[in-house]
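Q: Please find one structure pasted underneath; my questions will follow.
The values are calculated or read from the model by the stated rules, or taken from the named source; none is laboratory data. No experiment lies behind these values; they were computed from the predicted model shown. Every residue, glycine among them, receives a Cβ derived from its backbone with ideal geometry; neighbour counts consider all protein chains shown. Quick note on the areas: whole protein, heavy atoms, side chains included, nothing else; ligands and nucleic acids left out. Shrake-Rupley method; radii C 1.70, N 1.55, O 1.52, S 1.80 Å.
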Amino acid sequence: MSVLFVTGTGTEIGKTVTTAAIAAAALARGRSVAVLKPAQTGVTAHESGDAAEVERLAGPVTTAELARFPDPLAPSTAALRAGLPPVLPQDIAEAAAKLDASHDLVLVEGAGGLLVRFDADGHTLADAARLMDAPVLVVVQAGLGTLNATALTALALRSYGLDSPGVVVGSWPAEPDLASRCNLADLPDAAGAPLLGLVPEGSGGLSPRDFRAAAPGWLAPVLGGSGAFRIPT
């Protein structure tokens with residue numbers, strides 16, 4: 001995978017930290033990495049966004065944003081409220097292709113879930129991934145309710161003709177409850193794809209040094225993990 005889209009089953013579930021973990025693992029293997037955030041919402045011009053957070057945690061990656069909207073809303077609504085043009089699927093695909101020409105890995109982090117609207121015509125991150133014929137990694141929650149959300153996202157991916165390498169739990173609790181433990185076995189069935197990572201809760205609060213050292217162990221080898229990744233039994 002030279003271009004990998006990263007989406008989620010919702011917002012605030014660990015997409016940015018998961019993106020940073022994948023970037024850190026790739027950098028540890030000597031790969032060059034770019035991170036593209038098509039639409040950053042809820043952040044002003046002078047604040048640090050998701051791409052900058054990935055760089056802080058993971059290390060020297062190339063970062064790019066296509067648009068920034070101050071309201072913490074879906075990109076389509078945030079663009080409209082700001083009086084700014086929306087980000088279109090072809091804009092995302094063209095930016096990712098340009099980064100792909102000079103990097104070993106390009107990570108494209110979406111906003112919210114897969115079908116969040118980017119413009120008034122209802123285009124989504126899935127439309128951009130389809131233009132590139134790129135795989136889409138799904139970041140999911142650990143606990144109750146995640147199986148339904150994961151299955152719906154997987155269904156949407158199939159409807160667009162998109163492949164997914166698998167799912168990553170974006171915030172794996174230190175003391176998982178019964179639902180979380182059972183979901184480890186059930187998530188691959190819901191997703192129709194393997195479980196490829198468990199990012200511990202609070203990982204974004206680690207020092208960059210500790211984050212980079214630990215990140216490869218959170219991921220399966222297909223995502224650049226060290227091979228130490230194990231699913232708890």
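Q: Identify, please: which residue in the range 161-179 is surrounded by fewer than 16 Cβ atoms within 10 Å (Cβ to Cβ) and not in a helix (DSSP H, G or I) and is, among those, nearest to the chain's Cα centre (by Cα)?
A: Applying the filter and picking the extreme gives D163.
Q: Could I ask something else about it? With the checklist (1) under 24 Å from V167 (Cβ atoms); (2) of a type in the set (D, E, K, R); (3) open to solvent by 20 Å² or more (accessible area, probe 1.4 Å); (4) touching a residue at least 60 places away in the same chain (Cβ under 8 Å) in hand, flag the one item R56 doesn't pass.
A: (1)
Q: Can you give me the number of residues within the range 191-233 that are touching a residue at least 60 places away in the same chain (Cβ under 8 Å), polar (S, T, N, Q) and not in a helix (DSSP H, G or I)?
A: 1
Q: A follow-up question, please. Residues A185, A193, A179, A154: which one is out of contact with any Gly (no Cβ under 6 Å at 6 or more places or on another chain) and not polar (S, T, N, Q)?
A: A185
Q: Between a residue in the range 1-14 that is in a loop (DSSP other than H, G, I, E, B) and any residue that is among the hydroxyl-bearing types (S, T, Y), which pairs come within a Cβ distance under 7 Å, given they are 6 or more apart or on different chains?
A: T9/T146; T9/T150; T9/T153; I13/S171; G14/S171
Q: Here is a further query. Which one of these is within 26 Å of L196 (Cα to Cα) and among the aliphatic types (A, V, I, L, M): A24, A67, A95? Spell out how you get there, then give the answer.
A: Values: A67 fails: within 26 Å of L196 (Cα to Cα); A95 fails: within 26 Å of L196 (Cα to Cα).
It is A24.
Q: Additional query: Quick one: which residue in L66, L107, L27 is over 16 Å from the mean Cα position of the chain (by Cα), closer than 30 Å to A228 by Cβ and not in a loop (DSSP other than H, G, I, E, B)?
A: L27
Q: Evaluate the range 32-40: report whether one residue or more is in contact (Cβ under 8 Å) with a residue 40 or more places away in the chain, of a type in the set (D, E, K, R) and closer than 26 Å to R209 by Cα.
A: yes
Q: Being assigned to a strand (DSSP E or B) and touching a Leu at 6+ places or on another chain (Cβ under 8 Å) is the filter here; which residues of the range 117-146 pass it?
A: Listed by number, the residues that qualify are V136, L137, V138, V140.
Q: Among the numbered criteria (1) in a loop (DSSP other than H, G, I, E, B); (2) within 24 Å of V222 (Cα to Cα); (3) open to solvent by less than 60 Å² (accessible area, probe 1.4 Å), which one does V87 miss?
A: (2)
Q: Shifting gears a bit: Does any residue of the range 112-130 turn out to be among the charged types (D, E, K, R) and in contact with a strand residue (DSSP E or B) (Cβ under 8 Å, 6 or more places away or on another chain)?
A: Scanning the range 112-130 turns up no residue that is among the charged types (D, E, K, R) and in contact with a strand residue (DSSP E or B) (Cβ under 8 Å, 6 or more places away or on another chain).
Q: Further, regarding this structure: Taking the range 69-84, which residues are open to solvent by less than 50 Å² (accessible area, probe 1.4 Å), in a helix (DSSP H, G or I) and among the aliphatic types (A, V, I, L, M)?
A: Of everything in the range 69-84, those that are open to solvent by less than 50 Å² (accessible area, probe 1.4 Å), in a helix (DSSP H, G or I) and among the aliphatic types (A, V, I, L, M) turn out to be A78, A79, A82.
Q: Working only within the range 190-233, note down all residues that are out of contact with any helix residue (DSSP H, G or I) (no Cβ under 8 Å at 6 or more places or on another chain) and within 18 Å of E55 (Cα to Cα).
A: Within the range 190-233, G202, G205, S207, R209, D210, A213 qualify.
Q: May I ask you to list the residues in the range 180-195 that are open to solvent by less than 30 Å² (accessible area, probe 1.4 Å) and either among the small types (G, A, S) or closer than 20 Å to D133 by Cβ (or both)?
A: S180, A190, A191, A193
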